[in-house]
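What follows is calculated from the coordinates using simple rules that are stated; it is not laboratory data. In this text the structure is predicted, and so the values were computed from the model without any measurement.
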Amino acid sequence: MPPGARPLRRRRYGQFPTTADVGIWARGRRPEVLLEGLGLGLYALITDRRTVRDREERCVRAEAADLPGLVVGFLGELLVCQQVEGFLARRIELTFAPGPPPSVDARLFGEPFDPARHPAKVEVKAITFHRLEFDPARGRARVIVDI
């Protein structure tokens, strides 16, 4: 690598197009990394996360009978936090417990929505089970959200 060059960082999350909705994908070899990536991807749909300051903290918890249910439940909790409190997360720290039943405890770091600083991008209505994939062994996860 040339002097002063920065190593390329591989993206951990992103979006993919679907018919009438939008999908979020994440990469990582551990369930915690995948869930965090999906959560950050959700907030990236809603606003430009670079404009969100890491000033306040919120805690969310989700538990479900299986991993797909946990993914939908966790992202649903993030969505409720955004829709009810107007809270946007810049960073997520979480602890995954495989169970049974599987659960996640997460700390969200960010701030309430400020229309002067946070561009509104997409309104997410719900998290769906449609074509949901959560596979830590293969290092990938995908979920489609209803917009």
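Below is a table of values for the structure above.
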read-out	value
Over the chain: Kirkwood hydrodynamic radius from C-alpha pairwise inverse distances, Å	15.6 Å
Over the chain, relative contact order from alpha-carbon pairs under 8 Å, at least 6 apart, %	30 percent
Extension gain from residue 120 to residue 30, taking 0.36 nm per residue of separation minus the Cα-Cα distance	29.3 nm
Cα centroid separation, region 81-107 to region 50-75 (Å)	2 Å
Sum of -39500 (n - 2.57) over DSSP H runs of 4+, divided by residues of the chain (222 nm, nearest 500)	-8000 deg cm²/dmol
